[in-house]
Every structure is written in C-alpha cells, then in structure tokens.
Amino acid sequence: MLSVDKIANMKRGPKAELILKERLELATGLFAEIVIWRVPEPVRGSSHDFKYRLALIENNIGVVRYDNEAGKGDHKHIGVDEAIYQFSGLDTLQADFWHDIERRLKR
C-alpha cells in the first residue's frame, strides 16, 4: 500500500535539480549570487529546461539581475530598467551577467 507521502510525491512529478548555488562577496556591501536549477519542464515563458536567478546586490539592493520567473520568461534588470534576455545557454548566461557587472562597477 502507498503512503500519503509517496502519493503526494508521485503527483508532483520529477523535482528540480540544483546545478549551481554560490554567493561571492565582491566588496563590503556588494555580492553576486547565482542559483541555477534544471527543471523537468520549461518555466512558463521560457523554452529551455533551466530555472535561474543571478543577481548583483549592492547595499541590499538588486542592481543587476537575470531571471526567468514564470510568465515573464527570460529577462534581465539593470538598475530600474528591464529587458527581454535571449537565453542561449548557461555559459553565455553567466558571461553576460559578469559582463553587465563589470560595466556596472566601472561606472
């Protein structure tokens, strides 16, 4: 006989797999956080099997952020501006994120 927990897990289907989670302190009050999961099906609005959140936080404020929240799909925030992001792979995603951080820090 199946337990209630096993039935609940079967209904939920496969779980997301954490691929990367890191927080890098860049300076006092400044850090980058990268979290990437492989998901069993694309997040609504995206066409790939990753869910991600990459953020540069300065004095508790997100100043650069890449994410693909459900319904919005792949996009990025630079300061208060938001733009669609054309996802083409994890390596490119991380390279683009670090490029935007470098531009932000040179200001």
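The values are calculated or read from the model by the stated rules, or taken from the named source; none is laboratory data. Given the structure is predicted, the values throughout are model-derived calculations rather than measurements. Glycine gets a Cβ as well: all are built from the backbone with ideal geometry, and neighbour counts include every protein chain shown. Protein only, heavy atoms only, side chains kept; ligands, DNA and RNA dropped before computing areas. Shrake-Rupley method; radii C 1.70, N 1.55, O 1.52, S 1.80 Å.
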Expressed in angstrom and ordered largest first, the alpha-carbon extents of the chain along the principal axes are 63, 29, 23
Spelling out what I want: for every residue of the range 66-72, take phi, set θ = phi - 60°, compute 6.51 cos²θ - 1.76 cosθ + 1.60 (Karplus), and round to whole Hz; glycine and proline get x. 10, 7, 9, 5, 4, x, 8
For the chain, what % of the accessible area comes from carbon and sulfur atoms, probe 1.4 Å? 52
State in Å² the accessible area per residue of the range 18-72; use a 1.4 Å probe, count heavy atoms of protein chains only, and round to the nearest integer. 57
Would you compute, from DSSP H runs of 4+ residues alone, the mean residue ellipticity of the chain at 222 nm, taking -39500 (n - 2.57) per run and dividing by the full residue count, rounded to the nearest 500? -7500 deg cm²/dmol
The pairs in K21/K106; K72/K106; K15/K51 lying past 18 Å Cα-Cα in this model are K21/K106; K72/K106
Please give the charge dipole size of the chain, origin at the Cα centre, charges +1 on K and R Cβ atoms and -1 on D and E Cβ atoms. Round to the nearest 20 debye. 300
Cα axis of helix 90-106 to longest principal axis of the chain: angle in degrees, 0 to 90, nearest 10? 30
